[in-house]
1. Cα convex hull of the range 68-149: how many Å³ per residue?
2. For the peptides 20-29, 225-234, what is the packing order when you average, over each peptide's residues, the other Cβ atoms within 10 Å and list the highest mean first?
3. Just want to confirm a number: the relative contact order over the range 68-149, from Cα pairs under 8 angstrom separated by 6+ residues, in percent.
4. Taking the radius of gyration and the Kirkwood hydrodynamic radius from Cα positions alone, what is the Rg/Rh ratio for the range 235-351, to two decimal places?
5. Based on Cα coordinates alone, diagonalise the gyration tensor for the chain, multiply each eigenvalue by 5, take square roots, and list the semi-axes in whole Å, largest first.
6. So how far, in whole Å, is the C-alpha centre of the range 80-130 from the one of the range 229-303?
7. Once you sort the root eigenvalues of the Cα gyration tensor of the range 1-67 as a ≥ b ≥ c, which label holds: rounded (a/c under 1.5), prolate (a/b larger than b/c) or oblate (the other case)?
8. Among the GluC sites (Glu not before Pro) within the range 58-162, which fall in a DSSP loop and have no more than 14 other Cβ atoms within 10 Å of their own Cβ?
Amino acid sequence: MYSLSDYRYDLPPDRIAQTPAPDRDGSRLLTLGRETGAVDHRRFRDLPDLLRPTDLLVVNNTQVVPARLTGRKETGGRAEVLILDYTGPARNGAPPVHRCLVKASKRARPGTRIRFDADLSGEVIGIGEGMHTVRFDCDGDFETILYRIGRMPLPPYIRRDEAADPPCDDGTAYQTVYAARKGAVAAPTAGLHFTPELLDRLRTAGVGIAEITLHVGYGTFLPVRVGDIRDHRMHAETYTIPEAAADAVNRARSEGRRIVAVGTTCVRTLEWAADETGRIAAGSGDCDLFIYPGYRFKTVDAMITNFHLPESTLLMLVSAFAGRDRVLAAYLEAIERGYRFYSYGDAMFIS
């Protein structure tokens, strides 16, 4: 249960979704009984039939920033920069300074300058904890330039030959329809399946919807490198729980209604903010909660999630929620039935 190898499974490469489903809510949905292990196969648009009118659905409204920039160093070498902490324009008018990951043929050191565009360049001014601090110099509004030349930070397992594949608008597809607060470097992918029409159907059916924010950080890309998963340390991610969302969760719990978290990001945020009775505190802060088997859930009763990478903290969280053996058995069945995996893949509903 605590060995990294306990979360290993074999996935054929052709099961890794390289493009989104043609229709968001047309993706497949595997349902898994949390206590029984019972499995069924539906479509995501069937969700209103699976939720109860009294349920409270909690979604993560973080917005992915097109924070991947490609440029050239003064020496001519190619450099790629991923901005990790952009949440909107600076208020003091000073040059933008951000924590970044910098990938180049030779290590970028303080003083290294990178030209991205005629209107944008950057200089490395510091290094620490595996990250670079970059000061950006721009001719114009930084956010306007970033959204013009930046690319969505797709996960490394998405490798498309754009010349061969149909065009894919990742700027739209790799974003939930309710994304509202800039700051993520990865999408809360369980939410990618929702459409405005599906959300309206859920509201009409009586399902409540509450919005919280967890800005998914670059730690989501980092593998677990320890043999005993209890030795792994999560990177902190910034969250916000508004008063309205906390009140909605607490009221639902007091009335005995289910809390249905959309994605592992919502699960972690709710559980981090909960006291021992499951009551949620509103506020903002940093969440570094690592959930693995043995964890006692205090707030979340059901969850919607995608299929996750082997040996990932996300798979460990889902295994803590529904049992490792049940989850891996469901994954095996999904593979046999041709489900699509990972960020642009299909979904699970665990209840």
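1. Details: hull volume 7.2 nm³, N = 82.
Roughly 88 Å³ of hull volume per residue.
2. Numbers: 20-29: 17.3, 225-234: 12.3.
Going by the mean number of other Cβ atoms within 10 Å, highest first, we get 20-29, 225-234.
3. Details: 154 pairs, mean separation 22.5, N = 82.
Computed over the range 68-149, the figure is 27 percent.
4. Working: Rg = 14.7 Å, Rh = 14.9 Å.
Rg/Rh for the range 235-351 comes to 0.99.
5. Calculated on Cα positions only, the semi-axes equal 34, 23, 21 Å.
6. Between the Cα centres of the range 80-130 and the range 229-303 lies a distance of 33 Å.
7. Numbers: a/c = 1.44, a/b = 1.10, b/c = 1.31.
Taking the square roots of the gyration eigenvalues as a ≥ b ≥ c, the range 1-67 is rounded.
8. Details: sites: GLU74, GLU80, GLU123, GLU129, GLU143, GLU162; in loops: GLU74, GLU129, GLU162.
Sparse-neighbourhood loop GluC sites (Glu not before Pro): GLU74, GLU129, GLU162.
No value in this document is a laboratory result; all are computed from the given coordinates. Since the structure is predicted, the reported quantities are computational estimates derived from the model, not experimental observations. Backbone-built Cβ (ideal geometry, glycine too); neighbour counts: all protein chains shown.
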